[in-house]
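Participant: Just passing along the structure, written as structure tokens.
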Amino acid sequence: MLWKRNGAFDDELRLLAEADTLAFGGVGFAGTLLPATKAYFAVEEGLRQHGAKLRPKLEALLDRATPAGRLYAAELLTRLDAAAGRAAWERLARQDGEVTTFTGCMMDSTTLTRYSQDRLNT
């Protein structure tokens, strides 16, 4: 994905901010990628060349995104910089919020606190 002149990755970041489900692969029997999952992969790819420009946008998602969007942002920050990722997980571990998750065709739920604490312990 090319860095857009105006509003770099804005569409993808909006999808992450509004995500209602956390999934890092296909969901359901058909293995369909959710729009937020596609956006996550696009931003992840953009980190290689544009990480410095994306970092403040990802950090902003930690405050204004849905719970699933916050987790996507923390995962991306972790991929960008381990220390920034750890700080994001520590921050989210103190926040409330329910998150629907998908692994294949298995739907589940967790909380920001539980997911973040698990990430801090890995």
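Participant: Just need a number here: residues in region 38-52 that are over 14 Å from the mean Cα position of the chain (by Cα) and without any contact (Cβ under 8 Å) to a residue 24 or more places away in the chain.
Facilitator: Of the residues in region 38-52, 2 are over 14 Å from the mean Cα position of the chain (by Cα) and without any contact (Cβ under 8 Å) to a residue 24 or more places away in the chain.
Participant: Within region 70-84, is even one residue of a type in the set (Phe, Trp, Tyr), assigned to a helix (DSSP H, G or I) and within 23 Å of Asp11 (Cα to Cα)?
Facilitator: yes
Participant: Now a separate question. For region 85-107, enumerate the residues that are over 27 Å from Asp11 (Cβ atoms) and modelled with pLDDT under 95.
Facilitator: Asp96, Cys105, Met106 - these are the residues of region 85-107 that are over 27 Å from Asp11 (Cβ atoms) and modelled with pLDDT under 95.
Here is a yes/no grid of residues against (1) out of contact with any helix residue (DSSP H, G or I) (no Cβ under 8 Å at 6 or more places or on another chain); (2) among the acidic types (Asp, Glu); (3) under 21 Å from Phe102 (Cα atoms):
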residue	(1), (2), (3)
Thr37	yes, no, yes
Tyr40	no, no, yes
Glu44	no, yes, yes
His50	yes, no, no
Arg64	no, no, no
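Participant: Here is a follow-up. Tell me which residues, restricted to region 24-43, are crowded, with 17+ Cβ neighbours inside 10 Å and part of a helix (DSSP H, G or I).
Facilitator: Once the filter is applied, which keeps residues that are crowded, with 17+ Cβ neighbours inside 10 Å and part of a helix (DSSP H, G or I), region 24-43 yields Ala36, Thr37, Ala39, Tyr40, Val43.
The values are calculated or read from the model by the stated rules, or taken from the named source; none is laboratory data. What you are looking at is a predicted structure, and each value in this text was computed from that prediction instead of being measured. With ideal geometry, Cβ positions are generated from the backbone for all residues, glycine too; neighbour counts draw on all protein chains shown.
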